[in-house]
1. List the trypsin sites (Lys or Arg not before Pro) in region 14-70 that DSSP assigns to loop (not H, G, I, E or B) and whose Cβ has at most 16 other Cβ atoms within 10 Å. Which are they?
2. Could you give the nm distance between label points at MET72 and LYS31, where each point is 7 Å from its Cα heading toward the beta carbon?
3. Projected onto the charge dipole of region 1-83 (+1 at Lys/Arg Cβ, -1 at Asp/Glu Cβ, origin at the Cα centre), which of PHE4, LEU82, ALA68 gives the Cα projection farthest towards the positive end?
4. Might you tell me the accessible area per residue for the chain, computed with a 1.4 Å probe and given in Å²?
5. Kyte-Doolittle mean at least 0.5 and Cα extent at least 24 Å along the axis: which DSSP H helices of the chain qualify?
6. What FRET efficiency do you get for LEU38 and PHE4 if R0 is 30 Å and r is their Cβ-Cβ distance, rounded to the nearest 0.05?
7. Assuming 0.890 mPa s and 25 °C, estimate D for the chain with Stokes-Einstein, Rh taken as the Kirkwood radius over Cα pairs, in µm²/s.
8. Counting only protein chains, not ligands or nucleic acids, how are HIS84, HIS57 ordered by accessible area (probe 1.4 Å), most first?
Amino acid sequence: MIDFFEIIGLLAACITTASFLPQVFKTYKTKDTSGLSLTMYVAFFIGIVLWLIYGIHLNSLPMILANAITAMLSLFLIIMKLKHK
């Protein structure tokens, strides 16, 4: 049985991960990356990967899901930034 705090974690994971979707969709649609900071997204990506490793260590489903998906989304934005300079 999933406990209350695991539900809170899953809800937080969904909300914070979903917050990236508008930026990803807009960047994909317009191919405009001029407003994106490559340095910020690279640092953010590294931090997210470290959180993912920590979540795996703790065997925390919310941390694993949120950080795996967010890492993919931020990596997509990094690739778009490099591709559409």
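The values are calculated or read from the model by the stated rules, or taken from the named source; none is laboratory data. Every value quoted in this text rests on a predicted model; they were computed, and no experiment measured them. Virtual Cβ from ideal backbone geometry, glycine too; neighbours counted across all protein chains shown. When the accessible area is computed, the model is the full protein with side chains, heavy atoms only, and any ligands, DNA or RNA have been set aside. Shrake-Rupley method; radii C 1.70, N 1.55, O 1.52, S 1.80 Å.
1. LYS31
2. Each label point is offset 7 Å from its Cα along the Cβ direction, giving 2.4 nm.
3. Working it through, the farthest residue towards the positive pole turns out to be LEU82.
4. Numbers: 5890 Å² over 85 residues.
The answer is 69 Å² per residue.
5. Details: long enough: 38-58 (30 Å, 2.03); 61-83 (33 Å, 1.75).
Once both thresholds are applied, what remains is 38-58, 61-83.
6. Working: r = 40 Å, r/R0 = 1.32.
Taking R0 as 30 Å, the efficiency between LEU38 and PHE4 is 0.15.
7. Numbers: Rh = 13.6 Å.
It diffuses with D of about 181 µm²/s by this estimate.
8. Numbers: HIS84 55, HIS57 140 Å².
Greatest to least solvent exposure: HIS57, HIS84.
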